[in-house]
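Take a look at the structure below.
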Amino acid sequence: MTKALIVVDMQLDFCPGGRLAVAGGDEIVAPINAMMDGFQTVVLTQDWHPADHASFADNHPGAEPFSVTEMPYGPQVLWPRHCVIGSDGAGFHPGIRTDRADLVIRKGSNPAIDSYSAFFDNDHRTATGLAGYLRDRGATDLTFVGLAHDFCVAWSAIDAARLGFNATVAEAACRAIDLDGSLAKARQDMRETGVTLT
Ligand code: VGL
Ligand code: ZN
């Protein structure tokens, strides 16, 4: 068994002061850094959207941020503009250890489809290549930490379990957006898919 740590979206826009700030997002920088040495492989994910991305409320005239719209692949929350390619907010929190990262995986660059999961776009069709990378390195046990617990962390962990990895979410090293009960629902969905919550 080899273990990989998947550090999800520890970017400035998801930390206090950012454009889609998650409460306490910066509190988990030190705990995540401390975990890294316990894993053979460390992957960082980076939300990476073009300016015309369909998940941005301001690309939908009249739409309010945090409202829900229907996309060809299902319901989609419309977010404040965040993690625009090349912007400061798309950068990693300066405190997060990037030296230990074996791979940085970027997601959400297709303007038409959001990508919460580190493995697939939200249409569940387009793969990022992360599963093949982890399998090639012999990683069987994946631990997920980062932002946001109820969106990108949960969707990534659920996909990992469905792909046959042993998936764990270390909840103390995650923070949630918690939109209309989304954290409770994400935790239930994770448990039902066989994700271990610690
Ligand atoms: C995320 C909303 C939009 C996340 C990314 O990292 O959880 N949430 N884009
Ligand atoms: Zn995003």
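FYI, it's all coordinate maths here, none of it is from the lab. Because the structure is predicted, anything quoted here is derived from the model rather than measured. All Cβ positions, glycine included, derive from the backbone under ideal geometry; neighbour counts span all protein chains shown.
Tabulated data for the structure shown
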quantity: Any hit, the range 54-68, residues being touching a Phe, Trp or Tyr at 6+ places or on another chain (Cβ under 7 Å) and in contact (Cβ under 8 Å) with a residue 60 or more places away in the chain; calculated: no
quantity: Pair list, Cβ < 8 Å and 6+ apart or interchain, from the range 136-162 residues that are farther than 16 Å from LEU5 by Cβ to residues that are surrounded by fewer than 23 Cβ atoms within 10 Å (Cβ to Cβ) and among the acidic types (Asp, Glu); calculated: ASP150/ASP178; ALA154/ASP189; ILE158/ASP189
quantity: Checking TYR73 against (1) hydroxyl-bearing (Ser, Thr, Tyr); (2) surrounded by 20 or more Cβ atoms within 10 Å (Cβ to Cβ); (3) closer than 17 Å to ALA112 by Cβ, the condition it does not meet; calculated: (2)
quantity: Tabulated pairs, the range 83-106, first touching a residue at least 12 places away in the same chain (Cβ under 8 Å) and farther than 24 Å from ALA51 by Cβ, second within 16 Å of ligand 1 (Cβ to nearest atom) and among the β-branched types (Val, Ile, Thr), C-beta under 6 angstrom, 6+ apart or interchain; calculated: GLY95/VAL29; ILE96/VAL29; LEU103/VAL43
quantity: Any chance ALA118 is out of contact with any Cys (no Cβ under 7 Å at 6 or more places or on another chain), aliphatic (A, V, I, L, M) and assigned to a loop (DSSP other than H, G, I, E, B); calculated: yes
quantity: Residue in the range 152-169 that is surrounded by fewer than 23 Cβ atoms within 10 Å (Cβ to Cβ), more than 24 Å from GLN76 (Cα to Cα) and either touching a helix residue (DSSP H, G or I) at 6+ places or on another chain (Cβ under 8 Å) or aliphatic (A, V, I, L, M) (or both) present; calculated: yes
quantity: Which numbered condition THR143 fails, given (1) in contact with a Leu (Cβ under 7 Å, 6 or more places away or on another chain); (2) hydroxyl-bearing (Ser, Thr, Tyr); (3) not in a strand (DSSP E or B); calculated: (3)
quantity: Residues that are in contact with a helix residue (DSSP H, G or I) (Cβ under 8 Å, 6 or more places away or on another chain) and more than 11 Å from ligand 2 (Cβ to nearest atom), drawn from the range 95-123; calculated: GLY95, ILE96, ARG97, ARG100, LEU103, ILE105, SER117, ALA118, PHE119, PHE120
quantity: Whichever residue in the range 46-89 is touching a Lys or Arg at 6+ places or on another chain (Cβ under 6 Å) and assigned to a strand (DSSP E or B) and, among such residues, is nearest to TRP155 (Cα to Cα); calculated: GLN46
quantity: Selection within the range 1-45 - without any contact (Cβ under 8 Å) to a residue 24 or more places away in the chain and either part of a strand (DSSP E or B) or within 16 Å of ligand 2 (Cβ to nearest atom) (or both); calculated: ALA21
